[in-house]
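Let me begin by presenting the structure, written as structure tokens, before commenting on it.
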């Protein structure tokens, strides 16, 4: 049985650095480095070395290609799983506070990149089809 993707926004695999810091009443923690595995206008997947509890809040600072300044957002941890045989975690974070113009910019850039990839993929398939036909 296929697992249904319930995301409202499409995601793009990115693998670049991001920073987070837990929101708590215990003073002001410093940002911790993480890897953004994928991102969408609704949130992102982080790879961290720290377990972050479900429903906890984190401040995010994300560098996103094509956007000249860092993206700042407040996010809620909605899922977490440990990466097998490591001490690292994949963490799903949903944006709860983000500037709407930034959200739209992220969504637009992701759609642009995906359309380019899909066009290249379609072109590649067409070229492969033509090559197969000429070899017969």
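Quick note: the coordinates plus some simple rules give every number you see, no bench work behind them. Worth saying up front: this structure is predicted, and the values here are computed from it rather than measured. Here the Cβ is made from the backbone with ideal geometry for all residues, glycine too, and neighbour counts use every protein chain on show.
Between residue 117 and residue 83, the modelled label-to-label distance comes to 1.9 nm, taking each label 7 Å out from Cα in the direction of the beta carbon. Using a simple spin-label model with pseudo-atoms 7 Å out from Cα toward Cβ, residue 47 and residue 17 lie 1.5 nm apart. Here, segment 11-135 yields an orientationally averaged convex hull projection of 10.2 nm² when only Cα atoms define the hull. On the beta carbon distance between residue 99 and residue 24, with R0 = 25 Å, the FRET formula returns roughly 0.60.
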